[in-house]
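See structure below.
The values are calculated or read from the model by the stated rules, or taken from the named source; none is laboratory data. What you see is a predicted model, and the numbers here were worked out from it, not measured in a lab. Positions of Cβ are generated from backbone atoms using ideal geometry, with glycine treated the same way; all protein chains shown enter the neighbour counts.
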């Protein structure tokens, strides 16, 4: 089944509306979260099916929604923690944006790296909640997060997002001599 671009966009608008409704209420109650994600996955499945994606693929989302609702996702296993555990991908996602901001300030050549990290820490104390250890300096943590990404560690798609940041899409003359991201 093929679908027109207009119909596909209309389906995405309907999906957005349904997802906004599903996630409108924030609750840390596990049962409520399970239900929200289950409903959202079913909405995604229905949108995929209506836009012409193979029924088998859309059905996988229905299966996942059902498994989430029933609390039986067989392929998810809690990793055995031996020593210090990793921070969640959600936390690293936010850290990624902080590091991108640091890079933008640093590459503008208006501040050196340490200055830029201290500036971000001073102007945006809300980022303190991203630190692993509350007693550590936010500026030091930000530089540590940058080093973590630059060393090729961390979540693959976050590093990819950093590599294809908005600075690559702008003309090089607007960004100065250090406009090319390190490879």
Filtered residue count, the stretch 1-34, keeping only those that are more than 16 Å from residue 61 (Cβ to Cβ) and in contact (Cβ under 8 Å) with a residue 24 or more places away in the chain: 5
Selection from the stretch 102-116 of residues that are surrounded by 18 or more Cβ atoms within 10 Å (Cβ to Cβ) and either within 14 Å of residue 149 (Cβ to Cβ) or outside the structural domain of residue 147 (by TED's automatic domain parsing) (or both): 102, 103, 106
Residues of the stretch 35-56 satisfying the condition of being free of Cβ contacts under 8 Å to residues at least 12 places away in the same chain and surrounded by 15 or more Cβ atoms within 10 Å (Cβ to Cβ): 49, 53
